[in-house]
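Some notes on the structure that comes next.
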Amino acid sequence: MLQIKSVDLKKTAIKTLVIPVCQDEDIHDGKKISSLILKVKKLNEFDGKKDEEAIFYEPEEVNAKRIIFMGIGKKENLNLETLREFTGKAVKKCISKKLSEVVISVPLKKNILNLFGNNPEAFLKAMLEGGALGNHIFDKYKKKKKRKILKKIVFSVSPDLEKKYGKLAKKIETICSGTILAREWVSTPPNDKRPEMLTKIITDLAKKEKLNIHVMDEKELKQKKFNALLAVSAGSDSKPRMIILEYAPKGAKKTVALVGKGITFDSGGINLKPTGSLEDMKMDMSGAAAVAATLLTVAKLNLKKKVIGIIPVVENMPSGSAARPGDIVKSFNGKTVEIGNTDAEGRLILIDAIAYGIKKYKPDVMIDMATLTGACVVALGEKIAGVFSSDTKLSESIVESGASTYERCWSMPLPDDYKKLLKSSFADIHNISSSRWGGAITAALFLSEFTGDTTWAHIDIAGPAYAEKESAYCGPGGTGFGVRLFCDLLEKM
Ligand code: BES
Ligand code: ZN
Ligand code: ZN
């Protein structure tokens, strides 16, 4: 549980107090905290350098069992992300010390508020996010659970700020729980989230929220002619699903459709991936995870917009019944597609989902999110998603939300003349490009052939959806990328 609270450090019994300490300036406005910082710095073994640490036990100045001083470096290097990192690390530190709760002193002296445009809200939000997101351990598959997450994280502020921003804690906790949900789904091994299973996991939770749910099974998908999607699922003995989640609050004017790639395991199919490229392919449903978790979250937040989640869930496997390179299928919107490579499967399930979403819901805006191409990781690295849209306002808005959530996005081009790289001699379009270069762009152009005149953006999250190593406020595995981004974007749309 997260709380923003004014805590009397002398009267309240505190188990653990964490104080962030700047190297060059005092950024706290409480006298007690400032005198404690002077005291710890006098010892000459701690001066607030980034990641430095010191601990006082049972200090007389405050009623705390221990104070952990954590260095956050020079003031000029502080920004919202370094704040998230600090709180994430503080929470992880407390978890490793087997503590169950912590009070974090929020530094809000004028000299630091100035740095953030005198806006304590963004500042508090970032600290809450680091705390909530750092307080997560995915140990479902370990027999011995060595660590336990904290039960309570209190951000200590002045009574004024408690009054003004106290409610923020609940909201940020709700959003970050969405991220954590997506992380867990992505980290879940592929044998425990085959399409029928993942569908049940998602719809069981959706039933508890104010969401309308429709799940198409294989029979309905065949009836409705989702043939591009069915070609991908043909090799698997787990049946495909299309999950539709509708959040439709009364009086909503705008409809936003979110589409998420849900390949529960991408073996490549008959174009089997090599060793080294297969092992993490359980993450190929990260787009689906972000979309589903976003729908659950906006329902909890009572957002005032209509949001539709369209989530194709399929496993891409090689077998005697799998689609072959060279196969031609007639997709949902009638265009024929030559499957040049069965490993370019994401775009096949997406075009059917996109075309269906547009036909059925006529959304004002459609955004798809997908771990679509290795080429996007080559272009932007592992931390930044690629945004493709012919609507500059929409792509700018996404990039902006990426900056404020630090789920970073970068705008990429959709050049018309590259479309010829997708020509097929036999079908209306080829699912792979004839050039080995610009693979993220040609994949996006392929999708764009199925979006008609709907305002649409595609976000390729192949890089940032998954991290092998842990970082300040994320463990190894799924990162939950996309949920905070979507929530921020939907709120301002
Ligand atoms: N799921 C992969 C893309 C991917 C790669 C995601 C690495 C995360 C990390 C996608 O289905 C794929 O295999 N794409 C191919 C496309 C190619 C066959 C045109 C790729 O990127 O190599
Ligand atoms: Zn693939
Ligand atoms: Zn894939």
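The values are calculated or read from the model by the stated rules, or taken from the named source; none is laboratory data. Worth saying up front: this structure is predicted, and the values here are computed from it rather than measured. Here the Cβ is made from the backbone with ideal geometry for all residues, glycine too, and neighbour counts use every protein chain on show. Accessible surface areas use protein heavy atoms only, side chains included; no ligands, DNA or RNA. Shrake-Rupley method; radii C 1.70, N 1.55, O 1.52, S 1.80 Å.
Considered as a group, the residues in the stretch 421-440 that are free of Cβ contacts under 8 Å to residues at least 60 places away in the same chain and assigned to a helix (DSSP H, G or I) include one that is surrounded by the most Cβ atoms within 10 Å (Cβ to Cβ), and that residue is LEU422. Taking the criterion of being in contact with a Leu (Cβ under 7 Å, 6 or more places away or on another chain), more than 12 Å from ligand 2 (Cβ to nearest atom) and not hydrophobic (A, V, I, L, M, F, W, C), the residues of the stretch 263-300 that qualify are THR264, THR294.
Of all residues in the stretch 271-318, those being away from ligand 1 (no atom under 13 Å from the Cβ) and on the phi > 0 side of the Ramachandran plot number 1.
The one condition from (1) within 16 Å of ligand 3 (Cβ to nearest atom); (2) open to solvent by less than 20 Å² (accessible area, probe 1.4 Å) that MET281 does not meet is (2).
When the stretch 333-356 is filtered for residues that are among the acidic types (Asp, Glu) and either buried (at least 24 other Cβ atoms within 10 Å of the Cβ) or in a helix (DSSP H, G or I) (or both), the ones remaining, listed by number, are GLU345, ASP352. Assess whether ILE311 counts as being in contact with a Gly (Cβ under 9 Å, 6 or more places away or on another chain), of a type in the set (A, V, I, L, M), closer than 30 Å to LYS469 by Cβ and assigned to a strand (DSSP E or B). Considered against the rule, which asks whether it is in contact with a Gly (Cβ under 9 Å, 6 or more places away or on another chain), of a type in the set (A, V, I, L, M), closer than 30 Å to LYS469 by Cβ and assigned to a strand (DSSP E or B), ILE311 comes out as yes. For first residues located in the stretch 272-287 and under 16 Å from ALA322 (Cβ atoms), partners that are open to solvent by 40 Å² or more (accessible area, probe 1.4 Å) and at pLDDT below 95 and lie 6+ apart or on another chain with Cβ distances below 6 Å do not occur. Answer yes or no: is there a residue in the stretch 319-332 that is within 13 Å of GLY260 (Cα to Cα), crowded, with 19+ Cβ neighbours inside 10 Å, touching an Asp or Glu at 6+ places or on another chain (Cβ under 9 Å) and in contact (Cβ under 8 Å) with a residue 60 or more places away in the chain. No. Looking at the stretch 45-98, which of the residues that are under 25 Å from the mean Cα position of the chain (by Cα) and of a type in the set (A, V, I, L, M, F, W, C) is most open to solvent (accessible area, probe 1.4 Å)? Only one residue fits best here, namely LEU80.
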